[in-house]
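Q: I have a structure I would like to understand better, so I am pasting it below and will then ask my questions one at a time.
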Amino acid sequence: MTDFIKVENLVFDYIKSEDESTFRAIDDVSFTVEKGSFTAIIGQNGSGKSTLAKNINGLLVPTAGKIYVDGLDSADPENIWEVRQRVAMVFQNPDNQIVSSVVEDDVAFGPENLGVDPKEIRKRVDEALKSVEMYEFRRKAPHLLSGGQKQRIAIAGAVAMEPECIVFDEPTAMLDPNGRKEVIEAVEQLRKEKNVTVILITHYMEEVIDADQVFVMDEGHVVMHGTPKEIFSRVDELKKYRMDVPQVTMLADALIQKGVPLPKGILRREELVDALCQLS
Ligand code: ADP
Ligand code: MG
């Protein structure tokens, strides 16, 4: 396994234009992301998640510290295209990401900007739309689609750039439960079929259960790091950072409090059922 992304002592300050005062949004964050892995980032509003995401794909440049993407220093202006080609982003609001009035043109926009050969673009667009199960909508107008469908078009747009990594910044935050499910399934498909490195920022704890590693952010710091099982075993600490735990975990924890001898960090319904059945 190789580290695809390496964040070393990252600091990021926003500078207010009015009085040039600075606000530290990221304060000494370090971590690595392996190629092909699934990393989840959670944390309350304003904890610095989006700022971190934008640093990873070079939209923002570190105030101090370093980010290496596939060995490329993100702060070196000569690397900017290489970094953006390797790390694509999908944002929260699908309406802000759609630029064309026809679905397939929208998906072609990214590779066109990368200067990809038109024949190759055609191939990529079709393939990307198929990978999110939106191929049959290729000639439709995006504004006629549901939120979940629009977000899948945005994902297809990222996929068509053939990045090694996609950073999803709360991609399901504006969707209804059906839309959320569609989008999370599309992300899962990309991981399994295309081996895309996934970094998912989310408020929904159910979406991080399959992650290889989870980071909890608070006030610009990484305050917790581990596997989902490790993280969700620490219910009290999560509450301190005002984080939820998956419903099943919450139920298991309530049973443990009542004296039922269950293991900590149960994440899935089947796991809880198995553990309960083994009690008697
Ligand atoms: P999150 O995505 O976790 O909600 P953000 O990374 O968006 O957090 O923001 C982190 C902190 O930086 C917040 O306190 C936010 O108010 C501040 N911030 C975000 N963007 C800007 C900006 N453009 N200028 C000044 N402060 C900002
Ligand atoms: Mg954010």
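The values are calculated or read from the model by the stated rules, or taken from the named source; none is laboratory data. All figures in this text were calculated on a predicted structure; none of them were measured in a lab. For the accessible areas, the whole protein counts, side chains as well, though only heavy atoms, and no ligand, DNA or RNA atoms are used. Shrake-Rupley method; radii C 1.70, N 1.55, O 1.52, S 1.80 Å.
Q: Just want to confirm a number: the relative contact order over the chain, from Cα pairs under 8 angstrom separated by 6+ residues, in percent.
A: Contact order relative to length: 21 percent.
Q: Which pairs in the list LYS35/LYS258; LYS54/LYS150; LYS35/LYS123 are over 31 Å apart, alpha-carbon to alpha-carbon?
A: Over 31 Å Cα-Cα: LYS35/LYS258.
Q: Taking 8 Å as the Cα distance limit and 6 or more residues as the minimum spacing, I'd like the relative contact order of the stretch 61-147 as a percentage.
A: Once divided by the residue count of the stretch 61-147, the mean separation gives 24 percent.
Q: To the nearest 500 deg cm²/dmol, what mean residue ellipticity at 222 nm is calculated for the chain from DSSP H runs of n ≥ 4 alone, each contributing -39,500 (n - 2.57), summed and divided by the residues?
A: Result for the chain: -11000 deg cm²/dmol, rounded to the nearest 500.
Q: While we're here: Consider all pairwise Cα distances in the chain and report the whole-number % of them above 25 Å.
A: For the chain, the fraction of Cα-Cα distances above 25 Å is 50 percent.
Q: Hey, what's the stretch 1-159 come to in accessible area per residue, 1.4 Å probe, Å²?
A: 49 Å²
Q: Give the carbon-plus-sulfur fraction of the accessible surface of the stretch 110-238 in %, rounded to a whole number; probe 1.4 Å, heavy atoms of protein chains only.
A: For the stretch 110-238, the apolar C and S fraction of the accessible surface comes to 46 percent.
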